[in-house]
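Data block below; observations after.
The values are calculated or read from the model by the stated rules, or taken from the named source; none is laboratory data. Since we're looking at a predicted model, the values are computed, not measured. Backbone-built Cβ (ideal geometry, glycine too); neighbour counts: all protein chains shown.
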């Protein structure tokens with residue numbers, strides 16, 4: 001561990017979190033966020049992700065310990081000062097049908113406007129720039145109830161952008177999004193990070209987090225583990241994380257697998273390249289364990305007419321031209 | 001547009017009443033061409049003008065209270081009376097009328113004072129509660145429970161009271177714009193007008209609260225202070241109006257929705273003045289209806305505003321679906 005203290009935009013020391021007067025959900029938390037770093041907070045439902053995020057930015061009073069923002073205790077910041085350092089995107093859906101996208105995004109400039117709330121020319125410029133950044137310029141006059149979930153989330157993030165903070169905290173930003181929208185969003189967040197700012201976001205989606213976060217905070221067994229995704233992979237954490245749920249983590253591919261019920265062993269011949277990879281994946285999904293020299297075997301044949309699979313078992317040999325028909329046969333036979 | 005409607009209604013309302021004094025007569029008097037008789041002048045300045053002034057102030061104040069409550073509770077059905085202010089005022093009035101049996105002219109002042117103290121007590125209690133309790137939903141429920149509790153006590157008092165006292169109380173609870181004259185009117189103006197100007201400055205904070213208290217905190221809104229200021233102004237405004245005019249229903253709930261619908265906006269910079277203006281129009285209009293033009297009869301204003309307000313709320317909720325949210 002090297003680096004000076006001010007490298008950390010956030011530094012959490014011996015923090016204990018929980019709701020008022022209750023017992024702490026998590027305690028002895030020590031974490032840091034560097035400048036220009038994207039941190040993904042991973043944990044199961046009810047593990048305390050939201051509580052941690054809210055305690056970290058002062059929305060919830062911690063049960064114990066201290067949170068430093070840019071090297072200073074959080075309580076030393078007045079609310080408007082804090083609002084210029086940290087922006088927040090909540091997991092709750094915003095339902096304000098008659099608010100326009102532009103009005104929503106403009107709310108992000110509130111820490112900078114005077115008591116009337118009037119936007120300066122620069123404020124307006126920042127708002128339209130943020131709208132352009134999230135590709136929502138065309139939607140600026142649109143009312144919030146006319147937006148899809150992905151568009152509304154982008155608008156909320158634009159609102160956080162214009163707040164011009166060094167840290168952005170997002171609670172489950174991808175919860176309502178499909179895969180393309182999720183990656184769009186992550187790409188947006190990466191751009192924010194590349195500008196030297198920091199992001200902490202919570203998610204269930206470990207696969208995406210593994211691919212794009214600089215650091216993971218994983219809540220497991222009422223403890224928080226911190227490290228680069230690969231550090232945590234090396235420590236064998238991921239296999240352990242899902243051991244109880246029956247989900248398998250393939251350490252070679254970095255992928256998760258939900259196996260079907262165990263169906264015994266099978267041999268695979270001609271296991272090469274893409275066809276090999278996908279056939280293996282299909283067999284594993286069905287619950288077969290692949291090993292050498294079994295009575296039941298599948299052979300991949302690459303011919304001029306295309307790919308074929310032959311399955312040899314007790315009842316002789318069958319030939320299939322899709323993995324789907326092979327799979328149906330294996331299950332019913 | 002609204003301003004023009006308001007001026008027309010203002011003149012129409014001024015025209016109404018016993019003694020058949022036309023607008024042209026009044027104009028002639030003002031320009032000095034033809035003086036009104038002393039009696040006519042008395043009718044205009046002592047009865048008609050104070051009545052309209054009261055309607056204008058109540059019409060501006062109640063919707064602003066309702067708007068503030070709807071935003072802070074993030075509940076489209078909140079109104080100026082959700083915090084139990086009206087019940088507090090009623091309780092005070094009930095104590096004077098039903099408890100002490102005060103009637104007549106003496107009662108007008110003590111009634112207003114007692115209603116004011118009642119509203120103020122509820123407000124102080126609520127501020128205390130809101131300081132201790134963070135969750136707005138809890139505060140809302142407490143306010144409603146408080147109202148119901150006070151209503152129950154009032155009904156017990158009504159049950160055991162004299163017929164004449166009961167009648168005065170029922171008449172007070174029907175609301176009236178015509179009882180505020182002279183000193184009472186100027187006292188009311190001194191309280192209401194400065195506060196209305198102050199509420200205009202809350203637009204930034206209220207906009208910040210649109211997304212909820214959590215978001216408000218993260219964009220630098222001092223939520224506790226905002227809550228204190230908003231509760232205080234609402235209590236004083238609604239409490240004062242109720243003390244002098246009795247409860248006036250539905251203006252506070254319905255008018256902010258009308259303003260939202262008319263201007264299609266959530267921005268409080270627009271909504272606050274728009275609610276004031278719309279409220280003035282609606283209440284002056286209600287006043288005209290309550291006088292049943294062409295007859296000598298009077299309807300209770302509270303019933304008229306409810307009959308006008310309820311269809312508006314139903315229309316907004318069922319047909320327009322706007323009032324289901326803010």
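Side notes on the structure shown:
- All of B:261, B:250 fail the test of being on the phi > 0 side of the Ramachandran plot and either away from chain A (no Cβ under 14 Å) or touching a residue at least 12 places away in the same chain (Cβ under 8 Å) (or both), apart from B:250.
- Residue in the stretch B:205-225 that is surrounded by the fewest Cβ atoms within 10 Å (Cβ to Cβ), counting only those that are under 25 Å from residue A:98 (Cα atoms) and in contact (Cβ under 8 Å) with a residue 40 or more places away in the chain: B:212
- Any hit, the stretch A:62-73, residues being over 29 Å from residue A:132 (Cβ atoms), without any contact (Cβ under 8 Å) to a residue 12 or more places away in the chain, assigned by TED's automatic domain parsing to the domain that holds residue A:148 and out of contact with any helix residue (DSSP H, G or I) (no Cβ under 8 Å at 6 or more places or on another chain): yes
- Meeting the requirement of 2 or more residues that are over 20 Å from the mean Cα position of the chain (by Cα) and closer than 19 Å to residue B:243 by Cβ, the helices (runs of 4 or more DSSP H) wholly within the stretch B:79-169 are B:104-132, B:136-159.
- Among the residues of the stretch B:231-238, some residue qualifies, meaning at least one is closer than 30 Å to residue A:55 by Cβ, away from chain A (no Cβ under 14 Å) and either touching a strand residue (DSSP E or B) at 6+ places or on another chain (Cβ under 9 Å) or part of a helix (DSSP H, G or I) (or both).
- Any hit, the stretch A:90-109, residues being in contact with a strand residue (DSSP E or B) (Cβ under 7 Å, 6 or more places away or on another chain), more than 8 Å from chain B (Cβ to nearest Cβ) and within 17 Å of residue A:170 (Cβ to Cβ): no
- Residue A:55 vs. criteria within 21 Å of residue A:227 (Cα to Cα), within 14 Å of another protein chain (Cβ to nearest Cβ) and crowded, with 16+ Cβ neighbours inside 10 Å: yes
- Selection over the stretch A:80-109 of residues that are surrounded by 21 or more Cβ atoms within 10 Å (Cβ to Cβ), under 20 Å from residue A:54 (Cα atoms) and at pLDDT below 90 gives a count of 1.
- Every listed requirement among (1) within 14 Å of chain A (Cβ to nearest Cβ); (2) within 27 Å of residue B:120 (Cα to Cα); (3) part of a helix (DSSP H, G or I) is met by residue B:221 save one, (3).
- Contacts under 7 angstrom Cβ, first residue in the stretch B:301-326 being within 14 Å of chain A (Cβ to nearest Cβ), partner surrounded by fewer than 18 Cβ atoms within 10 Å (Cβ to Cβ) and modelled with pLDDT of 80 or more, 6 or more apart: B:316/B:261; B:320/B:261; B:322/B:261
- Qualifying residue in the stretch A:161-168 (condition: within 9 Å of another protein chain (Cβ to nearest Cβ), closer than 20 Å to residue B:71 by Cβ and crowded, with 21+ Cβ neighbours inside 10 Å): no
- Of the criteria (1) farther than 19 Å from residue B:219 by Cα; (2) more than 14 Å from every other protein chain (Cβ to nearest Cβ); (3) out of contact with any strand residue (DSSP E or B) (no Cβ under 7 Å at 6 or more places or on another chain), which one residue A:146 fails: (2)
- Verdict on residue A:308 being modelled with pLDDT of 80 or more and touching a strand residue (DSSP E or B) at 6+ places or on another chain (Cβ under 9 Å): yes
- Identification of helices (runs of 4 or more DSSP H) wholly contained in the stretch A:143-251 with 1 or more residues that are closer than 27 Å to residue A:74 by Cα, out of contact with any helix residue (DSSP H, G or I) (no Cβ under 6 Å at 6 or more places or on another chain) and in the same structural domain as residue A:31 (by TED's automatic domain parsing) yields A:149-162, A:179-194.
- Output for the stretch B:194-213, where each listed residue is in contact with a helix residue (DSSP H, G or I) (Cβ under 8 Å, 6 or more places away or on another chain) and within 7 Å of chain A (Cβ to nearest Cβ): B:203, B:204, B:207, B:208, B:210, B:211
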